[in-house]
Amino acid sequence: GWTLLGLGLAALWMAMGDTNPLYHVLRFLPGFADFRVPARWGLIFTFAAALLAGMGWERIAQAEWLTARRGRMLAAAGLIALISIVDLARVDYTLAPISSPKVYREPSAAAALRADHTWWRALVVPPEPVTASWIPKGGWFRNPDGWAEVRSALALDVPQSYDIRVVGWGLLGGYAGFSHFAQAPFFRDAAVTALERADLSLLSLSGVKYVLVSRNDSRMNLPGKPAAYAGPFAIYRNAGAFPRVFAVDRVEQIVDRDQAGAAVRSLAAEGNLRREAVVSEPLPEIAGKGPADASLVYREPRPERVIVQAKAAREALLVLNERYDNGWRAYCDGKPARLVEVDTALMGTALPRGEHEIEFVYRPRGLIIGRAVSLISLLVILGLAAAGLGGKRRGRRY
């Protein structure tokens, strides 16, 4: 009991997050900083509290004085139940609203996008900003299905629920930030230039095939007519979106990120992003003496592994339309290949002349260490279990 009580109090204390001084110390421990949302400690608190409540009720049920006061105890339990119902209806319903099944139905905009079974990304601009303090029209008490409005607006991380790959920053692409903060300007510039200047070049580079904006917002001036109207959105289709993988003939190394970003924007304005790329490291093997004429066929059995069957007339840069991260690895014909940052946001590797198989694998260092720790722990547990069984058998012999 005391162990569960200590566990529950510790979890409740950790759930306080920034208001807990110890939290600022623990977040510097290796691995601890990788966990998000302190309130998730509330799950441990709920688990400990539920077990304590069960143990307490078992003690009470076994007490002799309960039998003599059964009527009073039932009246007290009924009063507690009534207070709990009032609390749920008037206070806590904002945390767990009673919603109808229509809240979980797929919004029409999501269904329209998912009809395209090719690889693509989308830029989603919610009709209205949705934050943690957002309240639906009429309030939660009168509108418990308010979550349906959030889901139909595809705000925050809702698009991920429907397997919609979004690109953007802040409320345009979910509340999760970038592991490489220097990449944020690229996606911010891509969204701003698209929405304010009707320039989709940077969005095209990152594979954005669909742009969703409010159908009632007259400020949006994207080229062409909307391909479709769905729910609160006007859906624009970008025919110039770059594919999942593509090859570039020429590269330019620029180390400074500000200069690299300016160079990428210049290439976009000139319409040369298909032929030239800005890289973070030198690639002398790509001389740029002529078109590579690369033929690319890729397989993607899992999001963290992409295999490309490539055939090129000469050396080129093979670009994977994925945000660069240190956890990615590249292999050429089974041998490790150098991975470079491309156009300040994407990633790529050198593609030699001829036919080759290029493999991109997401294998971060933390995952490798975690697997090793888990395997060692499993072996230790199996060893202890085997030792315990062996001890019992020897005890039976004697």
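Computed per residue of the chain from DSSP H runs no shorter than four, each worth -39500 (n - 2.57), the mean residue ellipticity at 222 nm is -12000 deg cm²/dmol.
In the chain, the longest principal axis of the Cα atoms and the axis of helix 2-15 are about 40 degrees apart.
Close amide H contacts of Arg105 (hydrogens built in the peptide plane, cut-off under 5 Å, sequence separation of 5 or more or a different chain): none are found. If you count Lys pairs in the chain whose Cα atoms are under 21 Å apart, skipping same-chain pairs closer than 8 places in sequence, the total is 4. For a quick check, take a GNM of the chain with Cα springs below 10 Å and name the residue from Leu195, Leu318, Leu88 with the largest mean-square fluctuation. Maximum fluctuation in the GNM of the chain, among the listed residues, is at Leu88.
With every protein chain present, what is the per residue accessible area of region 250-398 (1.4 Å probe, Å²)? Intermediate results must be reported in sequence, preceding the final value.
Numbers: 8890 Å² over 149 residues.
Averaged over the residues of region 250-398, the accessible area is 60 Å².
Accessible area of region 227-341 with a 1.4 Å probe: how many percent of it is carbon plus sulfur?
Working: 2720 of 5700 Å².
Here it works out to 48 percent.
Highest GNM mean-square fluctuation among Ile80, Ile164, Ile307, for the chain modelled with Cα contacts below 10 Å: Ile80.
The values are calculated or read from the model by the stated rules, or taken from the named source; none is laboratory data. Worth saying up front: this structure is predicted, and the values here are computed from it rather than measured. With ligands, DNA and RNA removed, areas are computed over all heavy atoms of the protein, side chains included. Shrake-Rupley method; radii C 1.70, N 1.55, O 1.52, S 1.80 Å.
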